[in-house]
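What follows is one structure encoded as structure tokens, with my remarks underneath.
Each value in this text was obtained by applying a stated rule to the coordinates, not by laboratory testing. Here the structure is a predicted model, which is why all the values come from computation and not from measurement. Cβ coordinates were reconstructed from backbone atoms using ideal geometry, including for glycine residues, and neighbour counts include every protein chain displayed.
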Amino acid sequence: MPTFNLIGPGRLGKTLARLLVASGDYQLLGIAGGASPEAAREFIGAGEIGTLATLPPADFWLIAVPDGAIADVARQLTAASAIRPGDVVFHCSGAGEAALLAPLQAKGAKMASLHPVFSFADPALAAQTFPGTRCALEGDALACERLEALVRSIGGEPFCLAPGGKAAYHAALCVASNYLVTLSQLALDTAALAGMNEAEALPLLHGLMTQTLANIGRLGPAAALTGPIVRGDAGTVQSHLHALASTEQLSTCYTRLGIATLPLARQHLTDQLYRQMVDTLTSQSATSAGIVLVPPRP
């Protein structure tokens, strides 16, 4: 049975360790770091508590410390004697690449990163609902191959990123998740101009966003797009810009998002409607808010 050590038994680390142990395919040997390693061991149900210097040799080394500590852990492990040629050492940063573990190359270790696209806020719940989670892999080819099997053993769905693609991957997650929150706040601020308070507007907007997300997942972005831009209704867009003209941030965001929407809508518009929409979104009122980019016509 392959063995592994856990470094950083926080919410993510101890959840993955518990899943690996529960799979029956991997044996946890040692646990190091963390604020409460004893509680983590109890949660996982296996492993001996130690330090980076005392961890035993293992086939896999799961590093689940904060991003800023990964390189330091790699240096400490390089100085220790437990790492063997061929061992797979991987971290779970969403933005950092496997190269953060570069010092371990001198030991012959195979380096990789494994990032589950999942929230580990509640480890007990996470351990129950993890199956089906997509997990991004990046790094040494052999390490990624072995981690694909590891991910599948705990019910995850692995996929590999292109070399150098980790930053763009993480940016995509931020756009889809963090900026969706920002977009909801912009929508609330816009609704406030119509005299709606948050208690009235939030259920309305949340319901619409939920329906739209379901359509995106089922149909894809282009087919899920509705509204005045895809209809070629320049008059409605102009009325929106007029309503938002007194609030520069809302006006600017509306116009920039409208310009970004044009390529999705292009196939549904005649040449005349497309040009009218471009002219509306890049009108004097728009350029005065800082919009100067006219998207090239396909």
Scanning the stretch 105-128 residue by residue, those farther than 16 Å from Gly155 by Cα, of a type in the set (Gly, Ala, Ser) and surrounded by fewer than 21 Cβ atoms within 10 Å (Cβ to Cβ) turn out to be Ala106, Gly108, Ala121
A careful count of residues in the stretch 135-157 that are in contact (Cβ under 8 Å) with a residue 24 or more places away in the chain and of a type in the set (Asp, Glu) gives 3
Within the stretch 43-84, restricting to residues that are touching a residue at least 24 places away in the same chain (Cβ under 8 Å) and β-branched (Val, Ile, Thr), the one that is farthest from Leu19 (Cα to Cα) is Thr78
